[in-house]
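The values are calculated or read from the model by the stated rules, or taken from the named source; none is laboratory data. Remember, it's a predicted structure, so these values are computed and weren't measured experimentally. Cβ atoms come from the backbone with ideal geometry, glycine included; neighbour counts cover every protein chain shown. Heads up: the accessible areas ignore ligands, DNA and RNA and are worked out on the full protein's heavy atoms, side chains in. Shrake-Rupley method; radii C 1.70, N 1.55, O 1.52, S 1.80 Å.
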Amino acid sequence: DVLSTAQLSAIYEGPELSGVILVVNAKPRRIRINESLDGWVLRSVQGRVATFVYNDQQRQLQLMRAKVGTRDKIPPSDAPGAAPAR
């Protein structure tokens with residue numbers, strides 16, 4: 001099942017064009033409303049949720065929020081105690 005390992009990377013919504021970007025097998029794939037991916041049809045996007053259907057099954061993928069404050073703190077080069085640039 002392709003959706004079991006897919007990661008929802010982005011959602012785009014507009015008056016004429018809406019869809020998602022999924023990362024499948026480490027490759028980004030753009031799927032528009034009513035297009036399918038291995039039989040799973042993207043039926044709707046609403047807020048941070050994309051809804052796919054396959055026959056009588058329905059699956060929702062949610063766009064995860066980025067974690068804040070996870071970057072390593074690197075002191076600026078002019079900070080006291082910073083090593084001089086070479």
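When you look at Q60, is it open to solvent by 100 Å² or more (accessible area, probe 1.4 Å), modelled with pLDDT of 95 or more and either under 16 Å from E13 (Cβ atoms) or of a type in the set (A, V, I, L, M, F, W, C) (or both), yes or no? Yes: the conditions hold for Q60. Looking across the stretch 10-54, just one residue is closer than 21 Å to M64 by Cβ, in contact (Cβ under 8 Å) with a residue 24 or more places away in the chain and open to solvent by 100 Å² or more (accessible area, probe 1.4 Å), and that is E13. For the stretch 19-37, filtering for residues that are outside any strand (DSSP E or B) and modelled with pLDDT of 95 or more leaves 3.
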